[in-house]
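The values are calculated or read from the model by the stated rules, or taken from the named source; none is laboratory data. Predicted model only: the values in this text are computed from it and were never measured. Every residue, glycine as well, gets a Cβ built from its backbone with ideal geometry; the counts of neighbours run over all protein chains shown. Each accessible area value is taken on the protein alone, full model and side chains, heavy atoms only, with ligands, DNA and RNA left out. Shrake-Rupley method; radii C 1.70, N 1.55, O 1.52, S 1.80 Å.
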Amino acid sequence: GYPTEVREIIIAPLVAMIDDMHAAGLQPQLISGYRSHYSQGIAWNKWSELEPERAIMLSAPPGHSEHQLGTTLDFGSPELAGIVEDEDIEFHTYFFKTSEGEWLREHAHEYGFDLSFPREASELTGFFYEPWHFRYIGVELATELYESGQSLTAYLMETAVFPPCIVE
């Protein structure tokens, strides 16, 4: 329903992935893509007011969100509202139970997308499990991480000259 901006590098793989999801009978929704510093500030302020004790685990402060890269997307599913019995829901960890969530978990790496915040990496990333949040990192690395079961954050901490930013 909202315009979604992304960097040009992810458009072709994203379109191919969505076309293949449609061919499989799925109805993926793009909920969020690029967010400016200002837009991320709005999201951060919302969570800081609604969940002050947990805001840091629910949203990144401006300057620390993968959405500001323009290579990260939040996906939705028309099935989610029925699963959680809330017609207004956009994000819920039960996204993994939707047909779109299952398909993305199994196939997103084939298009270069990686699940940024897997359940088993929450202590390392500092974020709760977000089964809807995928970042484009290229097919080769996404496939390597998928096959090894390693998160991008763990991989970068082991291999990068400069470790990734982690909000603590």
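Candidates in the stretch 123-149 are the residues that are in contact with a helix residue (DSSP H, G or I) (Cβ under 8 Å, 6 or more places away or on another chain) and of a type in the set (S, T, N, Q); of these, the one that is least open to solvent (accessible area, probe 1.4 Å) is THR125.
Looking only at the stretch 128-145, decide whether some residue is farther than 18 Å from THR71 by Cα, at pLDDT below 85 and not hydrophobic (A, V, I, L, M, F, W, C). First the steps, then the outcome.
Filtering the stretch 128-145 down to residues farther than 18 Å from THR71 by Cα leaves 128-129, 144.
Checking which are at pLDDT below 85 leaves us with 128.
Narrowing further to those that are not hydrophobic (A, V, I, L, M, F, W, C): none.
No, every residue in the stretch 128-145 fails to be farther than 18 Å from THR71 by Cα, at pLDDT below 85 and not hydrophobic (A, V, I, L, M, F, W, C).
Sub-9 Å Cβ pairs linking a first residue in the stretch 57-79 that is free of Cβ contacts under 8 Å to residues at least 24 places away in the same chain to a second residue that is of a type outside the set (D, E, K, R) and not in a helix (DSSP H, G or I), at least 6 apart or interchain, are SER59/SER65; SER59/PHE127; GLU79/GLN27; GLU79/THR98, ordered by first then second residue. Residues of the stretch 109-136 that are under 17 Å from VAL6 (Cβ atoms), without any contact (Cβ under 8 Å) to a residue 60 or more places away in the chain and assigned to a loop (DSSP other than H, G, I, E, B): SER116 alone. Of the helices (runs of 4 or more DSSP H) lying entirely inside the stretch 8-84, those containing at least 1 residues that are open to solvent by 60 Å² or more (accessible area, probe 1.4 Å), touching a helix residue (DSSP H, G or I) at 6+ places or on another chain (Cβ under 6 Å) and not polar (S, T, N, Q) are 37-50, 80-84. Selection of the stretch 96-122 for residues being within 17 Å of PRO13 (Cα to Cα) and open to solvent by 10 Å² or more (accessible area, probe 1.4 Å) yields TRP103, ARG105, GLU106, HIS107, HIS109, GLU110, TYR111, ASP114, LEU115. Restricting attention to the stretch 47-64, the residues that are hydroxyl-bearing (Ser, Thr, Tyr) and either at pLDDT 85 or above or over 16 Å from the mean Cα position of the chain (by Cα) (or both) total 1.
May I ask you to list the residues in the stretch 1-39 that are among the aliphatic types (A, V, I, L, M) and over 17 Å from ALA142 (Cβ atoms)? It would help to see each step written out before you state the result.
Applying the first criterion (among the aliphatic types (A, V, I, L, M)) to the stretch 1-39 yields 6, 9-12, 14-18, 21, 23-24, 26, 30-31.
Of everything in the stretch 1-39, those that are among the aliphatic types (A, V, I, L, M) and over 17 Å from ALA142 (Cβ atoms) turn out to be ALA23, ALA24, LEU26, LEU30, ILE31.
Being closer than 25 Å to ILE137 by Cβ and in a loop (DSSP other than H, G, I, E, B) is the requirement here; does GLU90 meet it? So GLU90 fits the description; yes.
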